[in-house]
Amino acid sequence: MGLDIRIPLGMMFTILGFLLTGFGLFSDPAIYQRSLGIDVNLWWGLVLLVFGSVMLWLGWRAAAGRTH
């Protein structure tokens, strides 16, 4: 069975990570007063980017191994 969910999940998390990171970079710092000045959107966007990239890499690595 050739169903591998890592590639669509990786793409989804990577896209969401880019959006959240962009929002964190370009948003008003005043909205982060409740979180002690920590740019939560930026940091969680980076976490999502890393997780999505790892999922994409694992999915592409497995797909490349199946073609040989």
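Here is how the numbers come out for the structure above:
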| read-out | value |
| --- | --- |
| Output for region 10-49, where each listed residue is surrounded by fewer than 16 Cβ atoms within 10 Å (Cβ to Cβ), hydroxyl-bearing (Ser, Thr, Tyr) and touching a residue at least 12 places away in the same chain (Cβ under 8 Å) | Ser27 |
| Only one of Ile7, Ile38, Ile15 that is among the hydrophobic types (A, V, I, L, M, F, W, C) and either part of a loop (DSSP other than H, G, I, E, B) or touching a strand residue (DSSP E or B) at 6+ places or on another chain (Cβ under 7 Å) (or both) | Ile38 |
| In region 12-45, the residues that are among the polar types (S, T, N, Q) and within 11 Å of the chain's Cα centre (by Cα) | Thr14, Thr21 |
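Readers should treat all values here as calculations from the given coordinates under stated rules, not as data from a laboratory. Remember, it's a predicted structure, so these values are computed and weren't measured experimentally. Cβ: placed from backbone, ideal geometry, glycine included. Neighbour counts: every protein chain shown.
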